[in-house]
Amino acid sequence: MRIGINCGHTVSGQVGCGAVDYIDESVEARNVGYALEDLLKKAGHTVYDCTNDYAPTVSSNLKQIVDMANSQSLDLFVSIHFNSGGGQGTEVWTYGGKKFDEATNTCKAISELGFKNRGIKDGSKLYVVHHSDAKAMLVEVCFVDTDDAEKYKKIGAAEFAKAIFKGITGQETESEDLTMSQYTELKELIEKQAAEIADLKNINQQLVNVVQTTMIYDFNDDNMPSWARPAVQAAMDCGAVQGDENGRLGLSYKDLRAIVREYRCGLYNK
Ligand SMILES: [Zn+2]
């Protein structure tokens with residue numbers, strides 16, 4: 001589907017920014033509307049954002065929204081709003097109060113989050129509904145000035161976006177739980193990586209072995225393994241190990257092991 005989404009009103013604090021009470025209509029319309037746009041895009045729909053953040057007047061804001069919507073050939077135009085005036089629940093406004101599936105199902109899906117279903121209303125006099133070329137619906141998610149707002153905050157904008165997505169497409173959003181095949185795929189990937197890590201450890205150990213068998217230790221200094229130093233020192237002290245004319249000991253790893261063994265047997269005791 002080709003869907004135009006309008007996050008209602010201008011941004012908070014501007015001319016035409018909408019109702020503000022326990023929650024701010026402009027802010028929440030954007031939180032819900034942009035999350036809805038993401039869900040629709042992920043599901044493969046073409047989304048046109050028809051949000052107007054700044055306008056000199058309310059009528060200019062409305063005209064710019066409709067111009068954006070009508071510059072595309074859309075299957076559906078959706079405007080997201082929040083209600084005020086002390087009521088409770090969710091409602092959707094359509095031209096002539098027409099009860100098309102997307103509108104009826106959006107009311108139903110939002111009410112399933114625990115809100116009163118106020119149903120479809122005649123929005124023929126609402127500018128964006130009246131002037132939209134495409135089939136249009138204006139969603140009043142819930143009220144900003146009653147206990148609706150508290151419930152809304154607890155549930156969070158993302159769940160309302162999912163509900164409207166379900167209302168529009170008839171589809172549930174993808175669950176964050178893994179399916180069995182995703183689980184199996186992930187498990188195989190982890191096992192494969194574990195095997196690769198084991199291989200790397202093996203290669204690393206082989207490299208260590210190579211270094212240990214080829215390295216020559218000439219001096220009893222920082223390069224000498226610490227476990228060998230006291231034994232080498234004792235061997236030097238008693239003359240069992242002597243360097244060449246330059247003082248180089250020329251000891252292999254194997255020699256070190258032998259020196260330590262002999263040291264432990266007490267061979268270098270004076
Ligand atoms: Zn509004």
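Structure values in brief
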| read-out | value |
| --- | --- |
| Number of the exception - residue 178 against (1) without any contact (Cβ under 8 Å) to a residue 40 or more places away in the chain; (2) under 24 Å from residue 20 (Cα atoms) | (2) |
| Criterion: more than 21 Å from residue 170 (Cβ to Cβ), assigned by TED's automatic domain parsing to the domain that holds residue 119 and more than 16 Å from the ligand (Cβ to nearest atom) - qualifying residue of 26, 12, 59, 71 | 71 |
| Checklist (1) within 23 Å of residue 151 (Cβ to Cβ); (2) at pLDDT below 95 applied to residue 14, failing item | (1) |
| Residue pairs meeting the criteria (Cβ under 6 Å; at least 6 apart or on separate chains; first closer than 15 Å to residue 63 by Cα and touching a residue at least 24 places away in the same chain (Cβ under 8 Å), in the range 2-24; second among the polar types (S, T, N, Q) and within 12 Å of the ligand (Cβ to nearest atom)) | 6/79; 8/79; 9/26; 10/61; 16/10; 16/61 |
| Candidate set from the range 26-45 (those that are crowded, with 19+ Cβ neighbours inside 10 Å and of a type in the set (D, E, K, R)); member that is farthest from residue 10 (Cα to Cα) | 37 |
| Given (1) more than 24 Å from residue 152 (Cβ to Cβ); (2) crowded, with 19+ Cβ neighbours inside 10 Å; (3) more than 12 Å from the ligand (Cβ to nearest atom), number of the condition residue 51 does not satisfy | (1) |
| Members of the range 60-72 that are surrounded by fewer than 16 Cβ atoms within 10 Å (Cβ to Cβ) and within 12 Å of residue 10 (Cβ to Cβ) | 60 |
| Residue list for the range 228-266, filter: exposed (fewer than 14 other Cβ atoms within 10 Å of the Cβ), of a type in the set (Lys, Arg) and part of a helix (DSSP H, G or I) | 254, 261, 264 |
| Yes/no for residue 31 being assigned to a strand (DSSP E or B), within 15 Å of the ligand (Cβ to nearest atom), under 26 Å from residue 115 (Cβ atoms) and not hydrophobic (A, V, I, L, M, F, W, C) | no |
| Selected residue [in the same structural domain as residue 58 (by TED's automatic domain parsing), buried (at least 17 other Cβ atoms within 10 Å of the Cβ) and farther than 21 Å from residue 28 by Cα] from 104, 146 | 104 |
| Among residues of the range 2-27, those that are of a type outside the set (Val, Ile, Thr) and in contact with a Gly (Cβ under 9 Å, 6 or more places away or on another chain), counted | 10 |
| The range 73-94, residues that are surrounded by fewer than 18 Cβ atoms within 10 Å (Cβ to Cβ) and closer than 24 Å to residue 166 by Cα | 73, 75, 88 |
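The values are calculated or read from the model by the stated rules, or taken from the named source; none is laboratory data. Fair warning: this is a prediction, and the values are worked out from it, not measured in the lab. Don't worry about glycine lacking a Cβ; one is built from the backbone with ideal geometry, like all the others, and counts go over all protein chains shown.
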